[in-house]
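Visitor: Following this message is one structure expressed as structure tokens.
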Amino acid sequence: MNKTELIEHIAKQADISKAAAGRALEATIGAVRTTLKKGGTVALVGFGTFAVTKRAARTGRNPRTGAAIKIKSAKVPKFRPGKALKDALN
């Protein structure tokens with residue numbers, strides 16, 4: 001499912017226009033992005049939790065030359081599914 005299909009699904013399920021569903025989805029994604037940028041977490045009970053973790057600096061290898069390269073540390077988003085979501089899949 002891509003973003004357009006998700007907007008269509010939201011519009012149909014919530015009985016709202018696609019434009020309103022698109023704005024709602026953008027607002028939700030924006031809220032998650034802003035919260036994660038500030039270092040917070042977003043917990044949606046029954047769905048899962050979005051959080052930011054720090055990936056340590058490490059040494060990698062250039063696949064073309066085989067030379068060792070340094071990879072900087074980075075903040076990466078993580079998603080941990082909730083119990084209800086896991087149960088729905090199994």
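The values are calculated or read from the model by the stated rules, or taken from the named source; none is laboratory data. No experiment lies behind these values; they were computed from the predicted model shown. All Cβ positions, glycine included, derive from the backbone under ideal geometry; neighbour counts span all protein chains shown. We work out accessible area using only protein heavy atoms, side chains counted, and drop any ligands, DNA or RNA first. Shrake-Rupley method; radii C 1.70, N 1.55, O 1.52, S 1.80 Å.
Visitor: Just to be sure, is LEU36 in a helix (DSSP H, G or I) and under 15 Å from ARG80 (Cβ atoms)?
Guide: Taking the combined requirement at face value, the residue satisfies it.
Visitor: Could you list all residues from the stretch 42-90 that are touching a helix residue (DSSP H, G or I) at 6+ places or on another chain (Cβ under 7 Å), at pLDDT 95 or above and not hydrophobic (A, V, I, L, M, F, W, C)?
Guide: Matches in the stretch 42-90: GLY48, PRO77.
Visitor: Working only within the stretch 19-47, note down all residues that are open to solvent by less than 60 Å² (accessible area, probe 1.4 Å) and among the β-branched types (Val, Ile, Thr).
Guide: Selection gives VAL32, THR35, VAL42.
Visitor: Looking only at the stretch 39-57, which residues are of a type in the set (Val, Ile, Thr) and assigned to a strand (DSSP E or B)?
Guide: Here is the first cut: in the stretch 39-57, the residues of a type in the set (Val, Ile, Thr) are 41-42, 45, 49, 52-53.
Correct list: VAL42, THR49, VAL52, THR53.
Visitor: Further, regarding this structure: Quick test of your reading of the structure: PHE50 fulfils all but one of (1) loosely packed, with under 10 Cβ neighbours inside 10 Å; (2) touching a Phe, Trp or Tyr at 6+ places or on another chain (Cβ under 8 Å); (3) of a type outside the set (Ser, Thr, Tyr). Name the failing condition by number.
Guide: Evaluating PHE50 over (1) loosely packed, with under 10 Cβ neighbours inside 10 Å; (2) touching a Phe, Trp or Tyr at 6+ places or on another chain (Cβ under 8 Å); (3) of a type outside the set (Ser, Thr, Tyr) leaves (1) as the failure.
Visitor: Now for a different question. Pairs only if they're at least six apart or on different chains, beta carbon under 6 angstrom, first in the stretch 1-18 and surrounded by 11 or more Cβ atoms within 10 Å (Cβ to Cβ) and in a helix (DSSP H, G or I), second modelled with pLDDT of 95 or more and of a type in the set (A, V, I, L, M, F, W, C); list them, first residue then second.
Guide: Once the first residue is surrounded by 11 or more Cβ atoms within 10 Å (Cβ to Cβ) and in a helix (DSSP H, G or I) and sits in the stretch 1-18, its partners that are modelled with pLDDT of 95 or more and of a type in the set (A, V, I, L, M, F, W, C) give ILE7/ALA21; ILE7/LEU25; ILE10/ALA21; ALA11/ALA21; LYS18/ILE7; LYS18/ALA11.
Visitor: If I ask for residues that are open to solvent by 70 Å² or more (accessible area, probe 1.4 Å) and part of a loop (DSSP other than H, G, I, E, B), which ones from the stretch 58-90 would you list?
Guide: Result: PRO63, ARG64, THR65, LYS72, ASN90.
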